[in-house]
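Bear in mind these aren't lab numbers, they're just calculated from the coordinates by the rules spelled out. Computed from a predicted model, the values in this text were never measured in an experiment. For neighbour counting, all protein chains shown are included, and Cβ atoms are generated from backbone atoms with ideal geometry for every residue, glycine included.
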Amino acid sequence: MNSVNNKANSKYLQAKTRLHKSEPIVRVFVEDMVDVPFWKLFFDNQNVKTKIQPATGDGYSNGIKEVLKLKDNVGKYFLLCVDSDYNYLLQSSTIDSELINTNKYIFQTYTYSIENYKCFADSLSTLMLNATKQDKAELFDYEHFLSEYSKIIYKLFVYSVYFKINNEADFSISILNKIIGFNKNIDISNNGENSLIELKNSVDKKLLEFDFVNEDEIQKLESKLNALGVTSENTYLFISGHTLFNNVVLKSLKLVEKLIVETQKKNIENISKTDKIRKEKLKHFNKERTDVKILLQQNTNFANCFLVEKINSDIEKYKTINE
């Protein structure tokens, strides 16, 4: 059992604060150490003084189940923060989803995970600029690519939610991920058009297997998902974050990065009058650029994502609670 269970809950922390007449510090427990800076950003922006840590002491990936083991401890001074996975979309369809969507002391990402925010389409062009120090936005339109990608996978994604709600194993999230992730390199020419066509063929082939599902039920589910913010253009925000990060966005970013770097190095070769100048320019270029993967892992430029407002609203409501 997690040691937190034995030592603290919200009432204990509240009493300790009053006893020592100290400024309240809210304990926040998350799934993994990589989640700490994400949630710290939100609480700091709302001026909530927190101490955030993974639900288990080792700091390694624990998953939502480990965090929810602490659900009986929650209160004003003891909060839980989790990736939504499909729970936001499931609403009250399962015990966990009902808990996450109704408990005022449990906060969720609303996207599948924090990785979806890191892959926010509007931020990727600036991210590439910061990585390469080269303004080559014309090479790849990330917003267009992820919008088209979302349109292609949208219907299949809806089916995956449908089967999840109905607790049927016909179409699991892992099966969905294998189809919608790019296993091969993405052809970045024409904003990934050829790779998107290949993806559409795979998706359409899979969709043919679901002709036994009542289409009226699917349409009703689409309406419910739309009310929650899911559209055919932003589906990428709600799929598995690791699949999106590793098998879609990072793959495209790395290929664009490689093209920019190779082009710039050729330019340096062409304009350098001497071998010494060439080496100096290449050294400077390599020193100034940053691996795009590192910047993607650290990306916090997602304030314009509409789901951010839902998290901020939850924290604002929490601040008004009196215990």
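Rounded to the nearest 5, what % of DSSP beta bridges with both residues in the chain are antiparallel? Walk me through the numbers before you get to the answer.
Numbers: 1 of 12 bridges.
In the chain, DSSP labels about 10 percent of beta bridges as antiparallel.
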So, with points 7 Å from each Cα along the Cβ direction, the SER223-GLU269 label distance in nm works out to 6.1 nm
What the Cα atoms of the chain span along the principal axes, largest first and in whole Å, is 73, 58, 32
In the neighbourhood of SER195 defined by beta carbon distances under 11 Å, the net charge of the other residues (Lys, Arg +1; Asp, Glu -1) is -1
Scoring only Lys, Arg, Asp and Glu (+1, +1, -1, -1) among other residues with Cβ under 11 Å from the Cβ of ASP35 yields -3
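Place a +1 charge on the Cβ of each Lys and Arg in the chain and a -1 charge on the Cβ of each Asp and Glu, then give the dipole magnitude about the Cα centre in debye, rounded to the nearest 20. Could you put the intermediate results ahead of the total?
Values: 44 positive and 43 negative charges, 351 e Å.
It works out to roughly 1680 debye.
Considering only the other residues whose Cβ falls under 14 Å of the Cβ of THR300, what net charge follows from Lys and Arg at +1 and Asp and Glu at -1?
Details: positive: LYS40, LYS118; negative: ASP35, ASP44, GLU115, ASP122.
That works out to -2.
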Summing -39500 (n - 2.57) over every DSSP H run of at least 4 residues in the chain and dividing by its residue count gives a helix-only mean residue ellipticity at 222 nm, to the nearest 500 deg cm²/dmol, of -16000 deg cm²/dmol
The relative contact order of the chain, taking Cα pairs under 8 Å that sit 6 or more residues apart, comes to a percentage of 21 percent
By Cβ neighbour count within 10 Å, fewest first, ILE294, ILE218 rank ILE294, ILE218
Burial-style ranking of 274-283, 296-305, average other-beta-carbon count within 10 Å with highest first, yields 296-305, 274-283
Taking 67-75, 226-234 and ranking on average Cβ neighbours within 10 Å, highest first, one gets 67-75, 226-234
Check: C-alpha center region 195-225 vs C-alpha center region 72-92, spacing in Å is 29 Å
Exposure proxy check on ILE52, ILE153, ILE239: fewest-to-most Cβ neighbours within 10 Å is ILE52, ILE153, ILE239
If THR235, THR320, THR126, THR109 are placed from fewest to most neighbouring beta carbons inside 10 Å, the sequence is THR320, THR126, THR235, THR109
In terms of the charge dipole of the chain, which places +1 on Lys and Arg and -1 on Asp and Glu at the beta carbon, the residue among ASN226, LEU196, PHE42 farthest towards the positive end is PHE42
